[in-house]
Amino acid sequence: MLRQDSSRIDPKRRNVLDHRKTQFASPTYKETQYPHRLNFYETPPTADITLEQFEQWAIDRLRVLAELEACSFRNKSQVETAAHMKPLLEKYLPLESNTSSSSKLSAERQKDHYSHFILRLAFSSTEDLRRRFSRVESTLFRLRLDEDNMRERNAFIQSLNLDWEPVTEDERNKYLPELTATRGLKKGGDDETWYKVDWERVPDLVESRRVFLKAGKAFVPSKELPSMVIAEYTKRLDRALELTARALPRLDEDDRLTPILDHLSKNFVTPDASYSSSTSTVPGAEITARNVDNLSSHFPLCMQHLHRSLRRDAHLKHFGRLQYTLFLKGIGLNLEECLVFWRSSFHKITDDTFNKEYRYNVRHSYGDVGGDSNRRGGGYSPFSCQKILTEHPPGPGEAHGCPYRHFNLENLTALLQQTGVSDPSVLRGVKEDKDNQKFHMACNRVFEYVHKNELKKAKDESIMTSAQLETIVHPNEYFKRSFLLKNLGKVNTGGDDVKMEGYN
Ligand code: SF4
């Protein structure tokens, strides 16, 4: 399906590409027809496309999937997700219905078809990637199914030839009380058409008790067909991903595709872990060891607490050092400066002790020493809120973790007051968030309070995009946004709608 593009392929390698890669270079060409807007992606594409198209289409789909995952991470409802995704889908992966008069129907559907298969290749290598890919692709499918024109949707479902067994008249009469008692079905619902399917095929209907179960079969009313279609889609995709994973080793031979696929899968970062020093550095900020005290006014509470503890004790224990070092690295403090920072902060110990006990760990966090993969990857990524909230809770004498979660209310309130947050309504809100275990919502509440004037200005003057004002789920994002807001007008806030590391 890949056409060589003269601008991308070294002419000397062309023969090699033509003759050695037979399994990929000589597909049976087949023009695919797209009678429906929706696609179960059962048939791999075989027509030619250029390397540029291969890469660009995959990147465009990846932007959509990454944003869908971010929506789920931010707990957006289905309706909110649909509203949020609408402009992005129109921009990156439009799919018009048959009734539209668009002349681009076929091109749009081809891009959708190919990009799905390219990412399937990129994300089938590990179980974690497969699971995430399947989840976001199913969400995308659901979004599209929901907004599909009713007639076209029915035609598409008919075309799937799903082996759902209609419930007979006798069965319907026999189980009428149970069927009418099914949640959501009103009396008189016996006019409904019902289908019998294995209950495993409709797990969400079973979970929400929207179906009657008998002898391993779920009796599904026709109004629930979309749920069945989505479950079927997910099931087939999961199976296909397994098969793709098994076929992957053969693809290693293709040195045109492997680097692109590798790059794509590395960029399918979780929304909470998407920080590298390149995405979180702030233009215009002086990120040096001696400026960390000043910058700390922009830090979230977790990092402010680490900074204060460090200044108080001239020391931090291991996890505190790790969490703080990676955060500082994430805001753009380079290794040299970071070493200066820790050395001057640990002022009660000798150079010798510092060099023996602490220097190596800082260098390791930056990927300056350590195993190959650590070095190649530039060390570790700054911790996300999710990681800080859920891993390694702090023990006695440790200052890492998230104060909204790991402090008791009294200590949390005292810390907030020390950092200038004493408004009773904010403190009440923080208490409620903490009681409801919505720790990062408490953090966002404080952020909004501390930056209320700047946020108003940014919104009124449309200085920052809505994506830039979304819920914060990463300490480095907190810093970046705080710095930008407090320096509105002095620095460029950027403004792409979806950030893809390495692709902007
Ligand atoms: Fe830090 Fe995240 Fe906790 Fe805020 S919610 S204090 S950024 S870990």
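Data overview
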item	result
Surface accessible to a 1.4 Å probe, T258 within the full protein complex, Å²	30 Å²
Label-point separation, S159 to D238 (7 Å along Cα→Cβ), nm	2.6 nm
Mean shadow area of the stretch 277-500 over all directions, Cα convex hull, nm²	12.8 nm²
Accessible area (Å², 1.4 Å probe, nearest 10) - W199	110 Å²
Chain lengthening between H263 and S103 when straightened (0.36 nm per residue, less Cα-Cα)	54.3 nm
Gain on full stretching of the segment that runs from R312 to T193 - 0.36 nm per residue minus C-alpha separation	35.7 nm
Modelled FRET efficiency - R0 22 Å, D460 with R428, Cβ distances, 0.05 increments	0.20
Percent accessible area from carbon and sulfur atoms, the stretch 277-500, protein chains only, probe 1.4 Å	47 percent
Peptide ranges 323-335, 230-242 listed from the most packed, as the mean C-beta count within 10 angstrom indicates	323-335, 230-242
Restraint check, K76/K235; K438/K480; K329/K456; K76/K223; K111/K214, Cα-Cα greater than 32 Å	K111/K214
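The values are calculated or read from the model by the stated rules, or taken from the named source; none is laboratory data. Predicted, not measured: the structure shown is a model, and the values here were computed from it. Virtual Cβ from ideal backbone geometry, glycine too; neighbours counted across all protein chains shown. What goes into the accessible areas is simple: the full protein's heavy atoms, side chains included, and nothing from ligands, DNA or RNA. Shrake-Rupley method; radii C 1.70, N 1.55, O 1.52, S 1.80 Å.
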